[in-house]
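Take a look at the structure below.
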Amino acid sequence: MTTDEWHIALFGQDAEHPQHDARPGILEDLLWTIIASRVLELGGNVILDFGFGTRAKCEDCALNGCRSEIHF
């Protein structure tokens, strides 16, 4: 899952909008709480393209019982 497709579908090309930079975080939270966590509960796998560029994001993932891998 990536926020990019959802962002464009919901808000269009909104780079000039004051809320543009806040929206990816909101979308990540929604994709995690509504879709990804449920898929995991059902025994499936989820690939999140959220840009886990910080240790804090990786640790958050681990706290939720997820295993993370970095792919380039």
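Heavy-atom accessible area per residue, segment 1-51, 1.4 Å probe: how many Å²? Mind showing how you got there, number by number?
Numbers: 3690 Å² over 51 residues.
Using a 1.4 Å probe on heavy atoms only, each residue of segment 1-51 averages 72 Å².
Along its three principal axes, how long is segment 11-50 when you only count alpha carbons? Whole Å, largest extent first please.
Taking max minus min along each principal axis of the Cα atoms, segment 11-50 gives 40, 14, 14 Å.
The values are calculated or read from the model by the stated rules, or taken from the named source; none is laboratory data. None of these values were measured; they are calculated from a predicted model. Surface areas here come from the heavy atoms of the whole protein model, side chains and all, with no ligands, DNA or RNA. Shrake-Rupley method; radii C 1.70, N 1.55, O 1.52, S 1.80 Å.
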